[in-house]
Amino acid sequence: MAGFCGRAIGVRAAAALLACWLGGCTTPTPEMLAANDPFEPTNRETLKLNSKIDKYFVIPTVAAYFFIVPDGGRRAIHNFLQNVSLPTVFVNDVLQGETERASQTLERFTINTTLGLGGFFDPATKKFHIPGHGEDFGQTLAVWGVGEGPYMVLPLIGPQPPRDAFGQVVDVFIDPTNYIHFKQHLWWEAGRYYFTLLDLRGQTYSTVQGIQRGSVDYYASLRSLYRQLRNNEIRNGRPETKNLPEF
Amino acid sequence: MNLPYRTMTIEMFERKDETMRSSDLTPGILPLARRAILILLVTFASLATVTTPVWASAPAEVYVQNNVQTGLSILNNHSASTDQKREQFEHFILGLTDMKRIANFTLGQYKRTASPQEQEAFAQAFQSYAIAVYQSYFSKYSGQTLKVTGSQERAPGDTIVQTVMLDPNDKSGQPPLEVDFRVLSENGKFVVIDFSVSGIWLALEERDQFSSFLGQNNGSIPLLISHLKELARNYKAEH
C-alpha cells in the first residue's frame, strides 16, 4: 500500500513537473487560450532552443552535404526516401477512404521501385505523370474528426500538436520496413533518418530564412503557417471556403 | 494578389519540385524521433484534386484574370526603368486591393481598442511594408504566370477565385502551385482582400502574427508600427 501511495505521489509530482514545464509555471492568458496555445511561454523557449540547434549543428551539416553530394545525387536520395515511405502513405490513404489517391500511391511505388531502380529515380512523375502526395496517421485522425489539440513545439522536432505527435508514433507501427529485421538494421534506420534530415532541411533553407527575416513575430508566424499548411494537407489541397474570417 | 509581402511566398514560388508543406516549418530538427521527420518529408500537399461545388462567379474570375494580365504586363515591360516599374506596380496594387481594410483586419481584436490615429498610422505603415515586399519581387520574377481555373462563391459577393501558377522553367512534372484570391464585390466593384498559396491565407497569417506580437507587448500598436517600418526599410535596402 505504501509502495502504491509512493508511486501515486511520484506520478502526481511528475505530472505536476511536466505541466509546469509545458506551462512555464504560468497561468495561460486569455490570448494564449484564444490561440489554443496554453503552453506558449514554453513553446517559445523550445523554438529558441531548436533554432540554436538548427543554426549551429543542422545547417553546417546540410552545407557539407550540399558541398559533397552533387545535385543529381541529392535528387536520387530524395526520391529514394520518398519511395520507401509510400507504404505508410498508402495505408493512410486507405484508412481515409481515399481510393483514388491510394491507387496513385500504389502505382507510384510499383513503378518507382521497378523502373525507378529501387526508387532512386522517379519515372512515375516524369514519365507516367502520376502526382505524388503525402499522408500520415495524424491526417487520418483529423479526417476521422480528431482535433489537433493545443499547439506544441517539441525539442528537436518543431511544431507538433498532440494529434500529429501521436500520429507519428502510429506511423512507426504502420511502416513495413520496421518489421524487416537484418543485421545492419540500426545503421539503416540511422542512415535513413540522417539523410531525411539533410534532404528536408536543404530544401527548406531559404523558405525558413525568409520567414525568419520577414516576421514581426517569428513564433506566431510559424504557428499560423503550420496550422494552415497542416489543414491544407488534411483537406488534400481542396480549397478552404467555409472557415474563413469576415473582413 | 493583395499581400504577397513575405519573402516566404517568393521562396515558395521558387520551389520547382514540390509545394509548401507543414514539415517545412521544423527548423530545429535533430535525429530524436526518426519517423517524426521522415513522414513529414513526404507530406507534400496534393493540389491535384479540386472539388467544384459552385462555379457561378465568372465576373470575379474575369476580374482576376484581367488583373493578372495587367500585373504581368508591368513586370514584362522591358522599355520601362526599374523605378518606373516599381511605381506602376504600386499604383496597380493599391487599385486592386483595399489596403486599409486589410490592415484593420490584421489588427484583430486590437482594432477595437486602437484610437483612430493609431489605426491610420498603422494602415500607412502596413501599406508601406506591403509595397516594399511587392517591389522586392522584381528581382525574383522569372516568367511565371497565373491561370484562372475556377471559382467558388462562399457568400453573396464573397468569392474565392482559384488559379494555378504556371512556371515555364519548371521541369519537375509536379502539379502547379495553387494560388487562390478572395474577391469581394461591393456596389458593382471588385476588390481583392486576401490570397492564399498552397492553402495559406496571408492576411490571416498576418493577423495571427500581429495579434500575438501585440499580446506580448501590452497591445502597443506604435511598437508594431516601428517594427513594420524597420522590416520595410530592410526590404528596400536589400532590393
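Observations
- For a straight C-alpha distance cut-off of 12 angstrom, the aspartates and glutamates reachable from B:Lys147 (same-chain residues fewer than eight places away being disregarded) are B:Glu61, B:Asp167, B:Glu178, B:Asp180.
- Sorted by Cβ neighbour density within 10 Å, fewest at the top, the residues A:Trp188, A:Trp144, B:Trp201: A:Trp144, A:Trp188, B:Trp201
- Distance between the stretch A:185-247 and the stretch A:25-73 - C-alpha centres, whole angstrom: 11 Å
- Förster radius 35 Å - calculated FRET efficiency between A:His129 and B:Glu230, Cβ distance, rounded to 0.05: 0.15
- Vicinal HN-Hα couplings computed from phi for the stretch A:222-235 (Karplus, 6.51 cos²θ - 1.76 cosθ + 1.60; Hz; Gly/Pro x): 4, 4, 5, 5, 4, 5, 5, 5, 5, 5, 5, 5, 5, 7
- Length gained when the stretch A:Lys55-A:Phe173 is fully extended (0.36 nm per residue, less Cα-Cα span): 39.3 nm
- Whole-Hz couplings from phi, Karplus 6.51/-1.76/1.60, listed for the stretch A:207-215; x for Gly and Pro: 5, 5, 4, x, 5, 4, 6, x, 9
- Per-residue HN-Hα couplings for the stretch A:102-114 [Karplus 6.51, -1.76, 1.60; θ = phi - 60°; Hz; x = Gly/Pro]: 4, 5, 4, 4, 4, 4, 4, 5, 5, 5, 6, 6, 9
- Close amide-amide hydrogen proximity is noted between B:Thr163 and B:Thr149, B:Val179, B:Asp180, B:Phe181, each under 5 Å apart and 5 or more residues distant or on a separate chain (H modeled in the peptide plane; Pro and chain starts excluded).
- When the stretch B:29-238 is reduced to its Cα atoms, the Kirkwood hydrodynamic radius in Å: 19.3 Å
Computed from the coordinates by the stated procedures, all read-outs in this text should not be read as laboratory data. Every value quoted in this text rests on a predicted model; they were computed, and no experiment measured them. Here Cβ is always computed from backbone atoms with ideal geometry, including for glycine, and neighbour counts include all displayed protein chains.
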